[in-house]
Amino acid sequence: MSAPFLILVAAFVALALARVPIAFAMLVAALAYLVAAQRDLGLLADQILNTLMSNYLLAAIPLFLLAANLMNAGSISDRLFAACHVFVGRIKGGLAQIDVLVSVLFASMSGSAVADAAGPGMITIRAMDRAGYPRGFAAAIVAASSVLGPIIPPSIPMILYALMANASIAALFLAGVVPGLLIAALMMLVVWITAERRNFPIEPPIPRGERSRVLMRAVLPLGMPVVLLGGIYSGAFTPTEAAAVAALYALVLAGVVYRELGAGSLLAAFADTARQATVILLMICGAFAVNYAVTAEQLDKALAAWIAGLRLGPLAFLIVVNLLFLVLGCLIDATTMLLVLVPVLLPSVAALGIDPVYFGVVIVVNITIGLVTPPYGLLLFVLAALTKVPLREIVRESWGLIGSLVAALALMVAFPGVVLWLPRLLGYVR
């Protein structure tokens, strides 16, 4: 490792500890590397602009974010909540079970964990608060279930992974379905055990005569994942075009069909999307700049050679990588890990014969666990800010739910078929 690269690492760590936004920390660290290595500073702009301009895939990110924000601006989240109440509301701890089921449905429309937590999640928290649930548990289950957003397709992290690994988005989306449902099932099991042990309340049933009306109110929102995934796998449109379809579907549904989008709420949805997309795209720019330094120093090849020297098999490699990412997820932003660390590992993945689609889903599940692991779990901070529940209460209630996430990850590593069964069935991977 050369002195200029050590300067890059030192600059990045110092800026991150000083609470400089991660995107700017990466960009400044990359500039420090170019200065120390006596290279043309214009290389930074060249790397970023060439990569951004040549990746049509990136257009999907703001469009999926816009779809999620438009759904949250209308009553779509409420309609999904009421429909899920019909199915699981009568189970002990039913409101928490409803939250998991709503997260599964919302994940199939948005691809964003934060959008899930801030939209349907807040509806659940308010309902659980009125029903007498511990407020820390209400925030914890919303945080944990929101990680399904980036796992069940569509998924923004999977789009980013596909960009780096040159993997099929359609295959990645398919590969995320079964792991997402497995995580939801394990989480609902943990909720049921917790509800029985702590005697959480049972919700009053929705009158039989109203159930069909409640379900009918949710039919059009539930049509979105059918349209998106059906369109992608039938070849009607690409995954990037599917993002535009999702945004248009949400706009028509909330604005025209339900007439719930005024000028103010529409502008607010566009403004929120612009802010969120800017953060993500700046992170991508910073990662491209840092990855240039990694490539110039040939660190990815050096790491691949070192791993080859250890003579690790695919399973041992996956275990080591997952343990590393689980630890780093407590300290580092999930997007940073995905954009900076994954490209360094991809040569080793190829050398060991690990399917890149399988590896991508495993990594996405791993980094989403980092969204709810203290001390840096982003969703924990978001929900603490939104609900005013002390962070320590949310963390105390989160451990069992984090355990369900780690158990699902372990099953995926031990049994790759959990991830690859569906894409194999449909002919996307061998």
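The values are calculated or read from the model by the stated rules, or taken from the named source; none is laboratory data. Everything quoted here is computed from the prediction, not taken from an experiment. Neighbour counts are summed over all protein chains in view; Cβ atoms, including those assigned to glycine, are modelled from backbone coordinates with ideal geometry. Remember, those area values only see protein heavy atoms, side chains included, never the ligands or the DNA or RNA. Shrake-Rupley method; radii C 1.70, N 1.55, O 1.52, S 1.80 Å.
Quick rundown of the values:
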| item | result |
| --- | --- |
| Cα centroid separation, region 69-129 to region 308-362 (Å) | 32 |
| Using θ = phi - 60° and Karplus 6.51 cos²θ - 1.76 cosθ + 1.60, couplings along region 129-139 (whole Hz; Gly, Pro as x) | 5, 5, 7, x, 5, x, 5, x, 5, 4, 5 |
| In sequence order, calculated HN-Hα J values of region 174-182 (Karplus, 6.51, -1.76, 1.60; Hz; x Gly/Pro) | 4, 5, x, 5, 5, x, x, 5, 4 |
| Relative contact order %, the chain, counting alpha carbon pairs below 8 Å whose residues are six or more apart | 24 |
| Region 250-304-region 210-247 distance, computed between alpha-carbon centres (Å) | 22 |
| Percent breakdown of C-alpha pair distances by 10 Å bin, ordered from the shortest bin, for region 219-282 | 20, 40, 35, 5 |
| Rounded accessible area of residue 297 (nearest 10 Å², 1.4 Å probe) | 50 |
| For the chain, size of Cβ-based charge dipole, Lys and Arg +1, Asp and Glu -1, in debye | 960 |
| Normalised convex hull volume, region 168-316, alpha-carbon set, Å³ per residue | 244 |
| For region 1-127, accessible area per residue (1.4 Å probe, heavy atoms of protein chains only), Å² | 39 |
| Answer label for semi-axes √(5λ) of the Cα gyration tensor in Å (calculated), chosen among [x] 43, 24, 21; [y] 36, 24, 22; [z] 31, 26, 23 | [y] |
| Dipole-positive endmost among 296, 407, 165 within the chain (Cβ charges, Cα centre) | 407 |
